[in-house]
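Nothing in this text is a laboratory measurement; each read-out follows from the coordinates by a stated rule. Quantities reported herein were computed from a predicted structural model and do not represent experimental measurements. Please note: Cβ atoms are built from the backbone with ideal geometry, for glycine as well, and neighbour counts cover all protein chains shown.
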Amino acid sequence: DAKTTQPTSMDCAEGRAANLPCNHSTISGNEYVYWYRQIHSQGPQYIIHGLKNNETNEMASLIITEDRKSSTLILPHATLRDTAVYYCIALQSGYSTLTFGKGTMLLVSP
Amino acid sequence: GAVVSQHPSRVICKSGTSVKIECRSLDFQATTMFWYRQFPKQSLMLMATSNEGSKATYEQGVEKDKFLINHASLTLSTLTVTSAHPEDSSFYICSALSPNQPQHFGDGTRLSIL
């Protein structure tokens, strides 16, 4: 699976949009970009995934650049409960082993 | 949405005890289940992969005789930490996978060996 690079930490004010970047410059054509988050002392939670089109669900939006070398996870209105470590993972379709890097620690403040 | 239940959420026991952790997929059939371990301030590390009805595949450095995995049905996998010692204290997390669905995780089991 392609290596991904994320900032170690980010801050966001409550109610504002949180934009979490991820670089995956070596991603191959059949690798999806998956996002998970882990709130302290809980298991990871699936957020969203995409291949090349932008995706949106009730939790977040995923913007993937046209060359697929990077992506951004957007939490449109961050709340205190969104404070967590966010993981960006490149994964082939049907290849099921997730490899977690260090992720981005997002701190949402009042 | 997909729900994975993990039990117990916390275990405290004496050194030498064996501990069993259960992982259930509540509303879907999981063809594959995974077991991870997470030490403080570190990321999740995959321990083993199990498919229903077959032997688990362990990652390098994980002792299969120490961490017994049973995946007897499409909705239940168990991890037994045998003769646990303080160095086995960790956060153990399971996940479940069904075809064409993202992997979903349990809420983890915090194991403390005294």
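Determine the shielding of peptide A:40-50 by partner chains: average, over its residues, the number of Cβ atoms on other chains within 10 angstrom of each Cβ. Numbers along the way, then the final one.
Values: counts 0, 6, 7, 16, 12, 4, 8, 1, 1, 1, 0.
Mean partner shielding for this stretch: 5.
Determine the shielding of peptide B:104-111 by partner chains: average, over its residues, the number of Cβ atoms on other chains within 10 angstrom of each Cβ. Walk me through the numbers on the way to the answer.
Working: counts 5, 8, 3, 6, 5, 1, 1, 0.
Mean shielding by partner chains, rounded to a whole number: 4.
Which residue, chosen from A:65, A:15, A:91, occupies the Cα position most advanced towards the positive end of the dipole of segment A:7-110, where the dipole is computed from +1 (Lys, Arg) and -1 (Asp, Glu) charges on Cβ about the Cα centre?
Value: A:91.
Could you check the simple spin-label distance between residue B:59 and residue B:12, using points 7 Å along Cα→Cβ, in nm with one decimal?
Result for the modelled spin labels: 2.8 nm.
If you add up the charges near residue A:64, with Lys and Arg at +1 and Asp and Glu at -1, over every other residue whose beta carbon is less than 10 angstrom from its beta carbon, what do you get?
Working: positive: A:52, A:68, A:69; negative: A:55, A:66, A:67.
Taking every other residue near residue A:64 into account, the sum is 0.
If r is the Cβ-Cβ distance from residue A:30 to residue A:58 and R0 is 41 Å, what FRET efficiency results, to the nearest 0.05?
Numbers: r = 27 Å, r/R0 = 0.66.
After rounding to 0.05, the efficiency reads 0.95.
At a 4.7 angstrom Cβ threshold, list every cysteine in chain A that has nobody to pair with, or say none.
Those would be A:12, since no other cysteine Cβ in chain A comes under 4.7 Å of theirs.
Considering all alpha-carbon pairs of chain B, what whole percent are spaced by more than 20 angstrom? Write down the numbers at each step before the final one.
Working: 2252 of 6441 pairs.
I get 35 percent for the Cα pairs in chain B exceeding 20 Å.
May I have the extent of the alpha carbons of the protein assembly as shown along their three principal axes, as whole Å values ordered from largest to smallest?
Computed over the Cα atoms, the extents are 52, 38, 32 Å.
What does the charge dipole of the protein assembly as shown about its Cα centre add up to, to the nearest 20 debye, if the Cβ of each Lys and Arg holds +1 and the Cβ of each Asp and Glu holds -1?
Its charge dipole is roughly 400 debye.
Quantify how strongly other chains surround peptide B:36-49 by giving the mean number of their Cβ atoms within 10 Å of each of its Cβ atoms.
Working: counts 4, 0, 4, 0, 0, 1, 2, 9, 10, 2, 4, 0, 0, 2.
Across B:36-49, the average partner-chain Cβ count within 10 Å equals 3.
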